[in-house]
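**Q** Here it is: the structure, laid out below.
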Ligand SMILES: [Zn+2]
């Protein structure tokens, strides 16, 4: 009961509501989180529908964030939701992070990961970091002052990253998004062991998972000491 009360009085930021963020937000709403701050720019396209479970096929061409909010409100009427119909950037990230206890970075855009990472380190807020490509995914929970941050691990966007996007089967980010929600739940409630300082990797084509220990980079420009 105490853990459930902690969830009810907590707030979580989910930036982007696509293949990762939709399942993350949905699982957090189902678990009983009190407040979600959700953000996603742009309008729904037919190609989004293989993974964006908060959207509907009869709403193609409509803005995505309000559709996600409506789905979550109908599912969990007591949930407080603050919605931003835009993606995270330097001019809004401070206000968004200040409203929550934990942030979930569910964006495919490395630039947004860096913006969110810097602000979470600055405000001392835990950041659940998920990433995927094709049939592979990785997950870690970053705790400022204790674990590596995003820039410790990936100082700059890798060569293979294409801002235009990549192919995906929706069940892959669906799996990872639910694991991200579980990490936020563990951080908020103190239940279980979050993946702090540990990277969980999954190759869903081969059906294998791995765990790797992570270390901070002393010369990291964001969290280096
Ligand atoms: Zn760092």
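The values are calculated or read from the model by the stated rules, or taken from the named source; none is laboratory data. Every value quoted in this text rests on a predicted model; they were computed, and no experiment measured them. All Cβ positions, glycine included, derive from the backbone under ideal geometry; neighbour counts span all protein chains shown.
**Q** Of the residues 127, 139, which is under 21 Å from residue 192 (Cα atoms) and within 16 Å of the ligand (Cβ to nearest atom)?
**A** Of the residues listed, the single one that is under 21 Å from residue 192 (Cα atoms) and within 16 Å of the ligand (Cβ to nearest atom) is 127.
**Q** Right, here's the next one. Working only within region 54-75, note down all residues that are assigned to a loop (DSSP other than H, G, I, E, B) and crowded, with 19+ Cβ neighbours inside 10 Å. Please lay out each step first, then the result.
**A** Residues of region 54-75 that are assigned to a loop (DSSP other than H, G, I, E, B), as a first pass: 54-56, 60-62.
If the condition is that a residue be assigned to a loop (DSSP other than H, G, I, E, B) and crowded, with 19+ Cβ neighbours inside 10 Å, then 54, 55 are the ones that fit.
**Q** Inspect all residues belonging to region 166-180 and state whether any of them is away from the ligand (no atom under 16 Å from the Cβ), under 26 Å from residue 54 (Cα atoms), in a strand (DSSP E or B) and touching a residue at least 60 places away in the same chain (Cβ under 8 Å).
**A** Within region 166-180, none of the residues are away from the ligand (no atom under 16 Å from the Cβ), under 26 Å from residue 54 (Cα atoms), in a strand (DSSP E or B) and touching a residue at least 60 places away in the same chain (Cβ under 8 Å).
**Q** Could you identify the single residue in 105, 85 that is touching a strand residue (DSSP E or B) at 6+ places or on another chain (Cβ under 9 Å) and buried (at least 20 other Cβ atoms within 10 Å of the Cβ)?
**A** Working: 85 fails: buried (at least 20 other Cβ atoms within 10 Å of the Cβ).
None of the other options fit; the residue is 105.
**Q** A further question follows. Considering only region 101-114, I want to know if a residue exists there that is at pLDDT 95 or above, more than 25 Å from residue 158 (Cβ to Cβ) and more than 16 Å from the ligand (Cβ to nearest atom).
**A** Taking every residue of region 101-114 in turn, at least one turns out to be at pLDDT 95 or above, more than 25 Å from residue 158 (Cβ to Cβ) and more than 16 Å from the ligand (Cβ to nearest atom).
**Q** Among 62, 52, 67, which is the only one that is more than 20 Å from residue 126 (Cα to Cα) and within 17 Å of the chain's Cα centre (by Cα)?
**A** Selected residue: 52, the only one of 62, 52, 67 that is more than 20 Å from residue 126 (Cα to Cα) and within 17 Å of the chain's Cα centre (by Cα).
**Q** Which of the residues belonging to region 35-53 are over 22 Å from residue 103 (Cα atoms) and assigned to a loop (DSSP other than H, G, I, E, B)? Quick ask: steps written out before the conclusion?
**A** The initial filter retains those residues of region 35-53 that are over 22 Å from residue 103 (Cα atoms), namely 43-50.
Selection gives 44, 45.
**Q** Hey, can you tell me all the residues within region 198-223 that are in a loop (DSSP other than H, G, I, E, B), in contact (Cβ under 8 Å) with a residue 40 or more places away in the chain and within 16 Å of the ligand (Cβ to nearest atom)?
**A** 214, 215, 216, 217, 220, 221, 222, 223
**Q** One residue is enough: does region 132-153 have a residue meeting the conditions free of Cβ contacts under 8 Å to residues at least 40 places away in the same chain and either in contact with a strand residue (DSSP E or B) (Cβ under 8 Å, 6 or more places away or on another chain) or more than 24 Å from residue 26 (Cβ to Cβ) (or both)?
**A** no
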